[in-house]
Number of protein chains: 2
Amino acid sequence: METIASSSAFPPDAFAKDCASRVVLDRIGDRWTVLVVGALADGRLRFSELRTRIEGITPKVMTQTLRALERDGVLTRTVYAEVPPRVEYELTDLGRDLLVPIDAIRHWAEQHASRIVANREVYDR
Amino acid sequence: METIASSSAFPPDAFAKDCASRVVLDRIGDRWTVLVVGALADGRLRFSELRTRIEGITPKVMTQTLRALERDGVLTRTVYAEVPPRVEYELTDLGRDLLVPIDAIRHWAEQHASRIVANREVYDR
DNA sequence: AGAGACAGTATCTATTTGATACCGAGCACT
DNA sequence: AGTGCTCGGTATCAAATAGATACTGTCTCT
């Protein structure tokens with residue numbers, strides 16, 4: 001395999017290394033992406049609002065995650081030249097598309113969480 | 001951290017640290033989970049078959065991922081006492097449930113991959 | 001002058017991931 | 001009897017990533 005398959009001559013195959021869709025999956029297979037995108041479901045939020053909503057994320061990692069998502073065109077970053085500074089993040093159309101499967105994942109997690117935690121306890125015993 | 005909130009007195013909230021659903025999300029926010037579960041969509045596979053299908057995963061990481069998913073009850077691991085050894089992995093009901101949102105994610109990735117790669121190129125320029 | 005808000009950086013450490021080499025049991029072949 | 005092969009992993013070490021914590025710059029308000 002050579003070039004990134006952005007052509008549609010071949011069906012995109014996320015299992016193939018170097019396939020574009022695999023590259024994209026790597027973004028979602030990120031600890032924080034699901035949470036950040038999910039947090040922006042109801043509209044634009046500022047950096048600090050995101051930090052409050054998503055417990056446990058450090059500012060460095062928040063910045064990294066946001067920049068990566070901005071780079072991919074999932075969200076926009078708008079800086080207002082005020083003091084104190086105001087920066088708002090908002091999903092793009094692409095980001096709102098992503099929201100659909102991401103919500104599905106989150107719902108699955110919330111539905112089956114207790115069962116999974118129980119499985120772990122059995123396994124570890 | 002002491003107890004994971006597996007009670008259903010509170011609505012599960014994946015944004016909250018220490019919430020069970022957050023713990024579960026962390027499993028999905030793993031680089032390989034989506035691929036491994038997706039690979040098992042059509043039935044049981046052996047270790048080496050998984051390695052072939054999922055390009056780029058190393059044996060160590062494959063083992064880690066499979067053990068974690070087994071621990072969570074997403075798949076089963078069956079060892080046949082043969083030589084050479086045969087070990088088969090298969091999704092549980094829980095795993096097949098997970099397959100639904102995971103397929104949604106993969107479809108999203110395959111659909112929008114080229115657009116995202118294009119976005120990155122613009123951003124990096 | 002000093003404190004505070006906000007959106008981050010800088011720095012250092014801990015944890016995860018990855019590359020690569022190797023192992024053990026048994027069969028098949030020479 | 002020795003050699004090589006298959007399969008499903010481990011072992012070991014290096015590299016990349018995530019996390020904890022402290023700090024910065026700008027302006028405004030007291």
- [ ] Could you tell me which residue of segment A:68-125 is nearest to A:GLU49 (Cα to Cα), considering only residues that are basic (Lys, Arg) and at pLDDT 95 or above?
- [x] A:ARG86
Task: Residue match in segment A:89-101 (condition: in a helix (DSSP H, G or I), at the interface with chain B (Cβ under 7 Å from one of its Cβ atoms) and among the acidic types (Asp, Glu)) - done: yes
- [ ] Out of B:ALA81, B:ALA20, B:ALA41, B:ALA118, report the one residue that is more than 7 Å from chain A (Cβ to nearest Cβ) and over 24 Å from A:CYS19 (Cβ atoms).
- [x] B:ALA81
Open item on the list: Would you confirm whether or not segment A:74-84 contains a residue that is under 16 Å from A:ASP97 (Cβ atoms) and out of contact with any Phe, Trp or Tyr (no Cβ under 8 Å at 6 or more places or on another chain)?
Closed with: yes
- [ ] Could you please let me know if A:VAL36 is within 13 Å of B:LEU25 (Cα to Cα), modelled with pLDDT of 95 or more and surrounded by 13 or more Cβ atoms within 10 Å (Cβ to Cβ)?
- [x] yes
- [ ] Can you work out which of the residues in segment B:47-78 that are more than 16 Å from B:ARG27 (Cβ to Cβ), exposed (fewer than 13 other Cβ atoms within 10 Å of the Cβ) and near DNA strand D (Cβ under 8 Å from one of its atoms) is nearest to the other protein chains (Cβ to nearest Cβ)?
- [x] B:THR58
Task: Residues (more than 15 Å from B:LEU40 (Cβ to Cβ) and either aromatic (Phe, Trp, Tyr) or loosely packed, with under 14 Cβ neighbours inside 10 Å (or both)) located in segment B:83-110 - done: B:VAL83, B:PRO84, B:PRO85, B:ARG86, B:TRP108
Open item on the list: Test of understanding: among A:ALA109, A:ALA104, which residue is under 21 Å from A:ARG22 (Cβ atoms), more than 16 Å from DNA strand C (Cβ to nearest atom) and facing chain B (nearest Cβ under 7 Å)?
Closed with: A:ALA104
Task: Matching option when the condition is within 12 Å of DNA strand C (Cβ to nearest atom) and either farther than 22 Å from B:HIS107 by Cα or touching an Asp or Glu at 6+ places or on another chain (Cβ under 6 Å) (or both), among B:THR33, B:THR63, B:THR76 - done: B:THR63
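The values are calculated or read from the model by the stated rules, or taken from the named source; none is laboratory data. In this text the structure is predicted, and so the values were computed from the model without any measurement. As a convention, Cβ positions derive from the backbone with ideal geometry for all residues, glycine included, and neighbour counts pool all protein chains shown.
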